[in-house]
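See structure below.
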Amino acid sequence: MKNVLVITLLLVLGAFLLLPTDSISQLDITKLTVTQQQQLEKAAASKAALGKKLVSTLTAKMKAEGPVAAIELCNTEALPLTAEIAAEQGVRIGRTSFRLRNPQNMAPVWAAASVESKVKDTQVFAGSDGSLSVLYPIITQANCLTCHASVGMVAAPLVTALHEKYPTDEAFGFIEGSLRGYFWVEVAAE
Ligand code: HEC
């Protein structure tokens, strides 16, 4: 009788473990399979492409028309540019932070806990569907301070323009070298 019970329990447990669940778990970046390494390379290339595109577009606009116009550009262009890179590279990609300026940049569910705890290293996650998701820290550079330093240090017209567009803005108060936020990338199974 006892044996039957144990066997039944084991069967139930086994069935439970075999059920397809859409789960995601963190991986050790030094212990990836070859496929995962390829996915990681794709994520890194996508992140680099987006970073380059955003910085070059922003710098050109700031030089030509000043920071207030550049805010306008971030406001209207950052997300379409992000969508463009996603389509080009065949990934899902975005930027996020533990202190958001734009509420549309909310972290994906798999990254939320790491973002909230302000992790400082690159983190890799595997989906049960074979996808690989990566979170890359973004450090504040001197040229980011124009729009992300503390309110008292940002030019008044900029603060006004930012408040108007982002009433819930939490992205002031950063200093050079501090963690500003993250790029996140999701690469589907090969
Ligand atoms: C001209 C002003 C301006 C400058 C300079 C600027 N940003 Fe931003 N930043 C914005 C605006 C506006 C947003 C919100 C719109 C968006 O991009 O989605 C934003 C959003 C972000 C986000 C997305 C998370 C969030 O808070 O919504 C990150 C990450 C970020 N900025 C990092 C940086 C970094 C790093 C630099 C320097 C390389 C930088 N920014 C320079 C204006 C600026």
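Some values worked out for this structure:
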item	result
Inter-centroid distance (Cα atoms) of segment 32-72 relative to segment 105-161, Å	13
Helical segments meeting 15 Å axial Cα length and Kyte-Doolittle -0.5 threshold in the chain (DSSP H)	2-18, 34-65, 67-89
Point-to-point label distance, TYR166-ASN143, nm (Cα→Cβ direction, 7 Å offset)	1.8
Formal net charge of residues neighbouring GLY127 (Cβ-Cβ distance under 12 Å; K, R +1; D, E -1)	-2
Normalised per residue, the volume of the convex hull around the Cα set of segment 110-158 (Å³)	112
Estimated inter-spin distance, ILE175 and THR122, nm [label 7 Å along Cα→Cβ]	2.8
Residues whose placed amide H lies under 5 Å from that of LEU27, excluding near-sequence neighbours	VAL124, PHE125, ALA126
Highest-fluctuation residue, GLY51, GLY130, GLY66 considered, GNM on the chain with Cα pairs under 10 Å	GLY66
Protection proxy ranking of 72-81, 160-169 - average other beta-carbon atoms within 10 Å, highest first	72-81, 160-169
Accessible surface, per residue, of the chain when the full set of protein chains is kept, probe 1.4 Å, Å²	59
Paired Rg and Dmax values of segment 38-125, which use every Cα atom, in angstrom	14.1, 41
Inter-site label distance for THR35 and GLN104 at 7 Å from Cα along Cβ, in nm	3.5
Cα-Cα pairs of segment 71-170 separated by more than 17 Å (percent)	61
The chain: most fluctuating residue of VAL91, VAL115, VAL55 per GNM, C-alpha cutoff 10 Å	VAL55
Under the Debye formula (equal points on every Cα, no solvent term), log10 I(q)/I(0) of the chain at q = 0.08 Å⁻¹	-0.35
Rounded to the nearest 10 Å², the accessible area of ILE175 at probe 1.4 Å	110
Fraction of accessible area attributable to carbon and sulfur, the chain (%, probe 1.4 Å)	63
Only Lys, Arg (+1) and Asp, Glu (-1) charged, at Cβ; the chain dipole about Cα centre in debye	280
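The values are calculated or read from the model by the stated rules, or taken from the named source; none is laboratory data. What you are looking at is a predicted structure, and each value in this text was computed from that prediction instead of being measured. Quick reminder, even Gly has a Cβ in these numbers, built from the backbone with ideal geometry, and neighbours come from all protein chains shown. All accessible areas refer to the heavy atoms of the entire protein, side chains included, with ligands and DNA or RNA removed. Shrake-Rupley method; radii C 1.70, N 1.55, O 1.52, S 1.80 Å.
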